[in-house]
Structure formats: C-alpha cells, structure tokens
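The values are calculated or read from the model by the stated rules, or taken from the named source; none is laboratory data. Every value quoted in this text rests on a predicted model; they were computed, and no experiment measured them. Here Cβ is always computed from backbone atoms with ideal geometry, including for glycine, and neighbour counts include all displayed protein chains. What goes into the accessible areas is simple: the full protein's heavy atoms, side chains included, and nothing from ligands, DNA or RNA. Shrake-Rupley method; radii C 1.70, N 1.55, O 1.52, S 1.80 Å.
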Amino acid sequence: MLRSPRALLLDFGGVLADAPPQPPAPPGLVRRLSQLVGGAVADQQIAADLTEGARRYSAWRDGAGRTADPVELSHSRVWAEFVTGSWPGPARDAVDREATPLSYAWTWRADWAVRPGIPEALRAATAAGLPLAVVSNTLCGAAHRDFLAAVGLAGSFAAQFYSDEAGPRKPNPRLALLAADAVGVPIDRCWFVGDTLGRDVEGARRAGAGAAILMRSPRTDREPPHPAVVPDARIEDGHGLLALLRQARGSVD
C-alpha cells in the first residue's frame, strides 16, 4: 500500500482533462495568421508551416526531455524557430509581437473535457485537507488556467505551475519542487500524478516525490517504452485516483 500523501501534484493533459487530437493547423488559427500578416504568406503555406512546426516542436520536446535539466522555450522562440523562419521579415515581426496570444490560440482545445472521476477525486482530496497543485508542460499555461476556471475546478488548486511560465520542463525536477514548495509540503510527502513515463514518472523520481502515479491516457499508449521507469501505481482515471487515496488514507470521502 502507498504511503498516505500530504499533497497531490497533478498533470493537466491526460490527468485533469483531455481532448481528441486536433489538426496541427486549425483553420481558425490559419485565418488569424493570414489576417495578421496581411496576406504576405499564402494560407496554404501558413497551414503547411504550422503542421511542420508542430512536428518539429514535438521532436524538440522529446529531445529536451532526454537532457538533464530541460527548460521551456519562450513563445517568441517557438514561433520563430519552428513556424515563421522562411516568412518575410515584416510577417515574422508581426507574429513575434503577437507570440503569446497566438500561443494561447494554438494551445486551446474547444473539446477539452474533464477526465472521468476527476471532480470527485479533487473534492475528496480537498475535504481530506490535501493541498493540490497543477504541474504541466505546455506551450501556454494561460489556456489551461482558463479551462480549469471555466469548468469550476480552478478553486481546487493552491498553485498551478506551467513550463512556459515557470521555465523548467518535466522531467526537470524543478517544476515539481516549485509546486511542492508552493503548497508547503515536502516533496517526499507528495504524490505526483501524470500520464507519461518519460516526463511525469521520471520527473517525479528525479524530484524525490513520495509516489509516482501513472494515469493512462491515449498519450500513454503512444509513448515509446521506458523499461527503466516504473510507476508506484497505474490507474485509468480519476476514479482510480480516488480509490488509491481511499486505500492509502483509509477514509477519503
């Protein structure tokens, strides 16, 4: 049985919420970029560069995760390095000036949905006196914050830490350590809940978390094998998290 936690640190995507994959070049974002650059880049080229940019940024994230202390790129660097490099100078400058709102738009998912059992698990943890924090890699944490507020979950969290705001990217242990410090609980008394082995479980291990919980999501099934990274428990959703808490604490309702 896992040692009872004094705080929970939770990933956003795949744990608190999830959405079906969206096209890397959403039509609305293509239109917005086209208007922003005044037609200097054809819509077809914008869509192609967004698609290729998403692929290259994903590859960069995978590579960064294999380094000792990965850190997030700024919004401006993401657009300049992965999307607009071949665009005319004025178009690149226009995107750079709007890099943060564009990053929000690229991050936002209209079909995000709270994962099953998560509201119940959060309510039970809060009732048991466990502070909660979000610990998430993302291009734009503001989009995650706004979603949690829109679905009435933001008030459950004592702190939210996102890589684009804080700097470190999981599996860099500093992101989890910042969250543990913010909620005032030693990291070895925190459970870390995530949906990837290479980023979440590995990051929890590096940070010294009390337990590393793997919650399965579609991303979990797509992840390459990490035979040396073993979670303390595997669960399917928020209902599984609540069951673990009840087992560990004896009376989490």
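Checking 64, 19 one by one, the residue that is modelled with pLDDT under 95, closer than 23 Å to residue 234 by Cβ and of a type outside the set (Lys, Arg) is 19 and no other. Pull up region 200-225, narrow it to residues that are at pLDDT below 95 and among the charged types (D, E, K, R), then point me to the one that is surrounded by the most Cβ atoms within 10 Å (Cβ to Cβ). The qualifying residue surrounded by the most Cβ atoms within 10 Å (Cβ to Cβ) is 219. Against the criterion of being farther than 23 Å from residue 201 by Cα and either touching a helix residue (DSSP H, G or I) at 6+ places or on another chain (Cβ under 6 Å) or basic (Lys, Arg) (or both), residue 31 qualifies.
What residue, among those in region 31-54 that are in contact with a Pro (Cβ under 7 Å, 6 or more places away or on another chain) and open to solvent by 50 Å² or more (accessible area, probe 1.4 Å), is nearest to residue 80 (Cα to Cα)?
Here is the first cut: in region 31-54, the ones in contact with a Pro (Cβ under 7 Å, 6 or more places away or on another chain) are 40, 50-51, 54.
Going one step further and asking which of them are open to solvent by 50 Å² or more (accessible area, probe 1.4 Å), we end up with 40, 51.
Details: 40: 16, 51: 14 Å.
Checking each candidate, the answer is 51.
Can you name the residue in region 69-88 that is within 15 Å of residue 46 (Cα to Cα) and surrounded by fewer than 20 Cβ atoms within 10 Å (Cβ to Cβ) and, of all such residues, is farthest from the chain's Cα centre (by Cα)? Out of the qualifying residues, it is 88. Against the conditions (1) free of Cβ contacts under 8 Å to residues at least 60 places away in the same chain; (2) buried (at least 19 other Cβ atoms within 10 Å of the Cβ); (3) over 20 Å from residue 14 (Cβ atoms); (4) under 18 Å from the mean Cα position of the chain (by Cα), residue 101 satisfies every one except (2). State whether one or more residues within region 172-181 are among the small types (Gly, Ala, Ser), more than 16 Å from the chain's Cα centre (by Cα) and farther than 22 Å from residue 59 by Cβ. Yes: region 172-181 contains one or more residues that are among the small types (Gly, Ala, Ser), more than 16 Å from the chain's Cα centre (by Cα) and farther than 22 Å from residue 59 by Cβ. Scanning region 112-128 for residues that are open to solvent by 60 Å² or more (accessible area, probe 1.4 Å) and assigned to a helix (DSSP H, G or I), we see that the one that is farthest from residue 22 (Cα to Cα) is 127. A count restricted to region 1-60 and to residues that are in contact with a Gly (Cβ under 6 Å, 6 or more places away or on another chain) and either free of Cβ contacts under 8 Å to residues at least 40 places away in the same chain or assigned to a helix (DSSP H, G or I) (or both) stands at 0.
Of all residues in region 67-86, which are of a type in the set (A, V, I, L, M) and modelled with pLDDT of 95 or more? Give the steps one after another, and end with the answer.
Step one: filter region 67-86 for residues of a type in the set (A, V, I, L, M), giving 68, 71, 73, 78, 80, 83.
Hits for region 67-86 are 71, 73, 78, 80, 83.
Yes or no, residue by residue, for (1) open to solvent by less than 40 Å² (accessible area, probe 1.4 Å); (2) assigned to a helix (DSSP H, G or I); (3) of a type in the set (Asp, Glu):
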| position | (1), (2), (3) |
| --- | --- |
| 66 | no, no, no |
| 90 | no, yes, no |
| 95 | yes, yes, no |
| 110 | no, no, no |
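Selection of region 160-198 for residues being farther than 25 Å from residue 221 by Cβ and among the β-branched types (Val, Ile, Thr) yields 183, 185, 187. Every condition in (1) under 30 Å from residue 249 (Cβ atoms); (2) in contact with a Phe, Trp or Tyr (Cβ under 7 Å, 6 or more places away or on another chain); (3) surrounded by fewer than 19 Cβ atoms within 10 Å (Cβ to Cβ) is met by residue 5 except one, and the failing one is (3).
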